[in-house]
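For reference, the structure is listed below as structure tokens.
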Amino acid sequence: MHKHSPVNCIVPPHMLKNIATKGTEGQKNLAISTLKSSAQMRGQRQALADFSAAAFRVAVVGGKERIIYDARNGSSLPGTIVRREGEPVSADVGVNEAYDGSGVTYDLYQNVYQRNSIDANGMRLDSTVHYQRGYDNAFWNGEQMVYGDGDEDQPVSDRLFNRFTIAIDVIGHELTHGVTQFEARLTYALQPGALNESMSDVFGSLVKQYSLNQTAAQADWIIGAGLLTSNVNGVGIRSMKAPGTAYDDPVLGKDPQPAHMRDYVTTVSDNGGVHINSGIPNHAFYVTAMELGGSAWEKAGKIWYVTLKDKLQSNSNFQNCANLTYQVAGELYGAGSIEQQAVKKGWEAVGLATDGGGTPPPPPSDGCLGSLLRLLGAAPSRSN
Amino acid sequence: MEVQQIKYERTGGFAGLRLSADFKPDELPEDQTRPLLDLLDDLDFDELPEQLTAESSMSDQFTYKITVKTSKWEHTVVTGDASAPDKLQELLQMLDRIAKRRKN
């Protein structure tokens, strides 16, 4: 079923890693390809993470560096190069959206937070469009962004999703998964996973607001506006302003996001509901940004960014994030400042106090997944 | 090998939506049945590892759970977008299309 390359059979992984970082260009490519395929077969993509910074960060350059690839409806990544940094506009709208969206995301991080790309060290931004056929999703695979075209293989009357590059906040969302990977490394399950998702929604929304030069009051706070076709009764995938109200549709169902800790959803599905419970920290950010007014990326965004970069850890939960954003607001703007008070109001709105009290997270009842993650120290602990 | 039942479940993804199908192959149109059964046969599905997933889930990727029941065995495989080998990707795409058609 799967053919291993000769290199894969005889060269141990540590040697391949050395080749991937120190070999000639051809050797590097072969070693990386072999490591990827063998790790894929073992289901151990994470094994790549430790050396990915060295091996996959292909170009460390002075500024913005983007490459857009076309998977041509296949599954092989990254695909064929269709647009490089500085090249003219393509005839393919998806290519241009991926190029422009990753550019604005780079600009937000660079201009506002003085962060040079995903890894803070000029990492090239690689994106692949036209992934598979009928692939209604976008994801970050630890190395690059990947975008499907939605339900383009279905009859028009049955289509639910448009192409995923259509929404610039989706692009900002995926790239922020990369930032999180290089900073807090929030475990992708339960509350740390929901925080991981929320950080991507927060900065995805800020990318959109920054690109449109909108104030917090002008923004729609919808994640994935334009992603749903006119066949769906919905305005997007998630609402940070009113979690749980983005869609209510006979085929898609109802948006399941809670806006408050009392409605926290305990589930083993979706890595413990990472796309569901993210509604809680999403709403806390929204309330904070609205309290402060003006451009959300300036103060609320700065507080969340510094917290992601310097404070959160891989197993941080919602209460930790509430406490740490409050602490960071105090450090940046002063104890008792209006900024710190805004953060306090944001978390209070979702049932969390910023002094470590408030409504505690529900006791873990997520079965094997929770037990395993607690054993590994990845899940929220029973006490804060 | 006579396949009696196939269960497919897709969870996660950027939208966090669940897609599933539970069907007998003979419920499908003939042009879908044959390629599906051929692919299962080609994959030696019952010999695939039960878990073909990354140690740490990759952000926004789909998680797939496929169960195939025959007269002789029942086998379940859980996998993800980045961890599924090429042939299994083919099966995932095929089951995805079937699940969408049955839903609409």
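The values are calculated or read from the model by the stated rules, or taken from the named source; none is laboratory data. Every value quoted in this text rests on a predicted model; they were computed, and no experiment measured them. Cβ placement follows ideal geometry from the backbone for every residue including glycine, while neighbour counts extend to all protein chains displayed. The accessibility values were calculated without ligands, DNA or RNA, using every heavy atom of the protein model including side chains. Shrake-Rupley method; radii C 1.70, N 1.55, O 1.52, S 1.80 Å.
Is there a quick way to get the dipole size of segment B:3-103? I mean about its Cα centre, with the Cβ of Lys and Arg at +1 and of Asp and Glu at -1; what is the value in debye to the nearest 20?
Numbers: 14 positive and 20 negative charges, 118 e Å.
Approximately 560 debye in magnitude.
Considering amide H positions built from the backbone, and no H for Pro or chain starts, which residues 5 or more places from B:Phe62, or on another chain, come under 5 Å of its amide H?
Close amide H contacts, sequence-distant or interchain: B:Gly13, B:Asp81.
List, in order, the whole-Hz ³J(HN,Hα) value for each residue of segment B:4-17 obtained from phi through the Karplus relation with A = 6.51, B = -1.76, C = 1.60 and θ = phi - 60°; use x for Gly and Pro.
Values, residue by residue: 9, 8, 10, 10, 10, 9, 10, 10, x, x, 3, 8, x, 9 Hz.
Using only protein heavy atoms and a 1.4 angstrom probe, determine the accessible area buried between B and A, summed over both sides, in Å² to the nearest 100. Please report the intermediate quantities before stating the final value.
Numbers: alone 6540 and 16350 Å², together 19580 Å².
Adding both sides of the contact gives about 3300 Å².
Rounded if a/c is under 1.5, else prolate if a/b is larger than b/c, else oblate: which is segment A:226-292, with a ≥ b ≥ c the root eigenvalues of its Cα gyration tensor? Can you show the working numbers first?
Numbers: a/c = 2.37, a/b = 1.21, b/c = 1.95.
Judged from the Cα gyration tensor, segment A:226-292 comes out oblate (a/c at least 1.5, b/c at or above a/b).
Name the residue, out of B:Thr70, B:Thr53, B:Thr79, whose mean-square fluctuation peaks in a Gaussian network model built on chain B with Cα pairs under 10 Å.
Checking each option, the largest mean-square fluctuation is seen for B:Thr70.
Show me, for segment A:309-314, the HN-Hα J-couplings you get by feeding each phi into the Karplus relation (A = 6.51, B = -1.76, C = 1.60, θ = phi - 60°), rounded to Hz, glycine and proline as x.
Once rounded to whole Hz, the list reads 6, 10, 10, 5, 10, 4.
Work from the charge dipole of segment B:3-103 (Cβ charges, +1 for Lys and Arg, -1 for Asp and Glu, about the Cα centre) and give the residue of B:Gly16, B:Gln4, B:Leu43 farthest towards its positive end.
With unit charges placed on the Cβ atoms, the residue in question is B:Gly16.
If you count, for every residue in A:132-138, the Cβ atoms of partner chains within 10 Å of its Cβ, what is the mean?
Details: counts 5, 3, 4, 5, 9, 10, 6.
What the average comes to for A:132-138 is 6.
In terms of Cα to Cα distance under 14 Å, which aspartates and glutamates are near enough to B:Lys65, apart from those fewer than 8 places away along the same chain?
Of all the aspartates and glutamates, those that pass the test against B:Lys65 - Cα under 14 Å, at least 8 places apart if same chain - are A:Asp270, B:Glu9, B:Asp22, B:Asp46, B:Glu50, B:Glu74, B:Asp81, B:Asp96.
May I ask for the equivalent-ellipsoid semi-axes of segment B:3-103, computed as the square root of five times each C-alpha gyration tensor eigenvalue and listed largest first in whole Å? Please report the intermediate quantities before stating the final value.
Details: eigenvalues 93, 52, 25 Å².
For segment B:3-103, the ellipsoid semi-axes come out as 22, 16, 11 Å.
Quick one: 3J(HN,Hα) in Hz for segment A:220-228, Karplus 6.51/-1.76/1.60 with θ = phi - 60°, rounded, Gly and Pro as x.
8, 6, 9, 9, x, 5, x, 6, 7
FRET efficiency for B:Thr67 and B:Gln32, Cβ-Cβ distance as r, R0 = 22 Å, nearest 0.05? Each step should come with its number before you reach the end.
On the way: r = 18 Å, r/R0 = 0.83.
Calculated value: 0.75.
For A:Tyr69, enumerate residues with amide H under 5 Å from its amide H, sequence gap 5+ or separate chain, H modeled in the peptide plane.
Counting only residues 5 or more places away or on other chains, the set is A:Val82, A:Ser127, A:Thr128, A:Val129.
Which entries of A:Lys64/A:Lys311; A:Lys254/A:Lys345; A:Lys302/A:Lys344; A:Lys241/A:Lys309 show an alpha-carbon separation above 21 angstrom in the structure shown? Write down the numbers at each step before the final one.
Numbers: A:Lys64/A:Lys311 27 Å; A:Lys254/A:Lys345 28 Å; A:Lys302/A:Lys344 16 Å; A:Lys241/A:Lys309 25 Å.
Where the Cα-Cα span goes over 21 Å, the pairs concerned are A:Lys64/A:Lys311; A:Lys254/A:Lys345; A:Lys241/A:Lys309.
Just to be sure I understand the interface: list residues from segment A:185-201 that lose 10 Å² or more of accessible area between the chain on its own and the complete protein assembly, 1.4 Å probe.
Listed by number, the residues meeting the 10 Å² cut-off are A:Tyr188.
Between A:Arg185 and B:Thr76, what is the label-point separation in nm under the 7 Å Cα-to-beta-carbon projection?
3.1 nm
If amide hydrogens are placed 1.01 Å from N in the peptide plane, which non-local residues have theirs closer than 5 Å to the one on A:Leu228?
When sequence neighbours closer than 5 places are left aside, the close amide H contacts are A:Asn162.
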